[in-house]
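The next block holds one structure in the form of structure tokens; read it before the comments.
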Amino acid sequence: MFTGIIEELGHVVAVEVLDESARIVVRGPLVTGDAGRGDSICVNGCCLTVVGQGDGTFTADVMLETLNRTNLGELIPGQPVNLERAARVGDRLGGHLVQGHVDLTAAITERHSGKRWDVVRFAVPPDQAQYLVEKGSVAVDGVSLTVVEAVADSFTVSLIPETLEVTTLGRKGVGELVNIEFDIIGKYVERLVAVRGFATQVPAQETV
């Protein structure tokens with residue numbers, strides 16, 4: 001589990017394409033400082049397992065499902081990536097609960113820069129837009145953000161100077177893909193309603 005508060009802007013050292021998978025090496029001196037084999041590190045919003053580490057880098061295997069569902073298949077050496085270690089019980093929850101399980105990729109369709117912030121719009125399929133609500137939470141490339149506007153096929157966020165400086169979102173332009181993870185609460189509610197049905201009848205009040 002993660003919080004969507006990026007700890008470090010790392011970069012890809014190497015990408016090895018394998019049979020229906022890939023192995024990546026990422027440099028991140030901060031997040032690897034106390035990392036060990038089997039630990040989880042979130043890379044651009046994707047929870048990956050450390051299979052090797054040393055000299056400020058870590059290695060992770062990326063399976064076909066992850067390559068198909070995320071933008072990790074587009075990584076090349078030298079490319080910056082957002083990094084976050086798994087949250088520890090008792091830590092402050094600065095963002096929101098992020099699983100590191102990406103739902104889909106979304107393209108940036110608009111970007112408007114102001115003096116102190118950028119407003120960015122992302123396209124999402126209409127059948128997925130139901131998981132977005134204004135002032136709700138969403139993880140974009142692993143960054144916990146607040147939805148500003150949610151419409152039938154897109155949503156917008158505002159990026160403050162800190163986010164622009166310390167994450168990949170300050171560097172991405174129109175047409176580029178980002179990883180999207182919707183708030184898990186909405187997905188659980190939808191699933192429970194679908195399985196159990198929605199009670200429309202209000203129980204009759206007892207009379208005395």
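The values are calculated or read from the model by the stated rules, or taken from the named source; none is laboratory data. Note that the structure is a prediction, hence the values are computed from the model and not measured. Glycine also receives a Cβ, built like all others from the backbone with ideal geometry; neighbour counts cover every protein chain displayed. Heavy atoms of the whole protein, side chains included, go into the accessibility calculation; ligands, DNA and RNA do not. Shrake-Rupley method; radii C 1.70, N 1.55, O 1.52, S 1.80 Å.
Report, to the nearest whole %, how much of the accessible area of segment 100-157 belongs to carbon and sulfur atoms, 1.4 Å probe, protein only.
Answer for segment 100-157: carbon and sulfur cover 52 percent of the accessible area.
Dipole magnitude of the chain about its Cα centre, charges +1 at Lys/Arg Cβ and -1 at Asp/Glu Cβ only, in debye to the nearest 20?
The calculated dipole for the chain is roughly 320 debye.
Ratio of segment 1-76's C-alpha Rg to 2.2 N^0.38 Å, to two decimals?
That ratio works out to 1.02.
At a 1.4 Å probe radius, carbon and sulfur cover how many percent of the accessible area of segment 39-99?
Within segment 39-99, the accessible surface is 48 percent carbon and sulfur.
With a 1.4 Å probe and every protein chain left in place, work out the accessible area per residue of segment 9-106 in Å², rounded to a whole number.
In whole numbers, segment 9-106 has 51 Å² accessible per residue.
Express the C-alpha Rg of segment 125-182 as a ratio against the empirical globular expectation 2.2 N^0.38 Å, rounded to two decimals.
For segment 125-182, the normalised Cα radius of gyration is 1.10.
For segment 70-196, with the dipole built from +1 on Lys and Arg beta-carbon atoms and -1 on Asp and Glu ones, taken about the Cα centre, which of VAL140, ALA106, ALA129 lies farthest toward the positive end?
Selected residue: VAL140.
Rounded to the nearest 10 degrees, what's the angle between the helix 184-196 long axis and the longest principal axis of the chain, both from Cα atoms, 0 to 90?
The angle comes out near 50 degrees.
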